[in-house]
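Input: a single structure, listed below in structure tokens.
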Amino acid sequence: MDKRVGERIRAFREKQNLSLADLSERTGLDEAFLSAVESEDRYPSLGPLLKIARALGLRLGTFLDDQVSRDPLIVRVGERDQELAMHQSGSTPASHSYHSLGRGKTDRHMEPFFIEMSPEPEAEKVLSSHEGEEFIVVVSGQVQLVFGREKSILGPGDSTYFNSVVPHNVSAAGDAPASIYAVLYFPE
């Protein structure tokens, strides 16, 4: 996760005169976890990050935006910066690197990402759920989708579109890295 994301969460929380306990109550997330997110010791998946954004009355993209909206927004492949490294705790390397493809378009209603995924042990593949929908296209490698009780393996060119309120996990399958394009929609 970009250092600025944790700092921005803290700034928005403090601007609303909320304590970590208040934010914990609003999100249902543990106060220690929220503290770790703000201090960058812990890197959440999109589900908890979305809960934080909602509790603060913000779009998820607000944590990434640092420029004025443009139309059309063009993001060149060579200009992508790793903005969020997620699914990490302590000294464990992040398993997912998110590159926002919508950064700079502040009036967006979708969150498009290019995501690079490293292999991770099955035991660390935690299901998450949140309101909205996800559309994913596999670019490289093999991707495992756990959707409820169902497991599917997707290869390059394969896609999936699902309701993200159902507990799910998207990860690299096996021992090789994978990459995807993902578009997430979160209803207001």
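Nothing in this text is a laboratory measurement; each read-out follows from the coordinates by a stated rule. This is a predicted model, so every value here is computed, not measured. Neighbour counts are summed over all protein chains in view; Cβ atoms, including those assigned to glycine, are modelled from backbone coordinates with ideal geometry.
Assorted remarks:
- Positive minus negative residues near S129 (Lys, Arg vs Asp, Glu; Cβ under 15 Å): 0
- Pairwise centroid distance, computed over Cα atoms, of segment 134-180 with segment 115-129, Å: 10 Å
- Rounded, prolate or oblate (a/c below 1.5 giving rounded, otherwise prolate when a/b exceeds b/c) for segment 3-63 by Cα gyration tensor: rounded
- Basic side chains Lys and Arg get +1 at the Cβ, acidic Asp and Glu get -1 at the Cβ, and with that the dipole of segment 77-185 about its Cα centre reaches some 80 debye.
- Hydrodynamic radius of segment 77-185 per Kirkwood, over alpha carbon pairs, in Å: 14.3 Å
- Protection proxy ranking of 153-159, 166-172 - average other beta-carbon atoms within 10 Å, highest first: 166-172, 153-159
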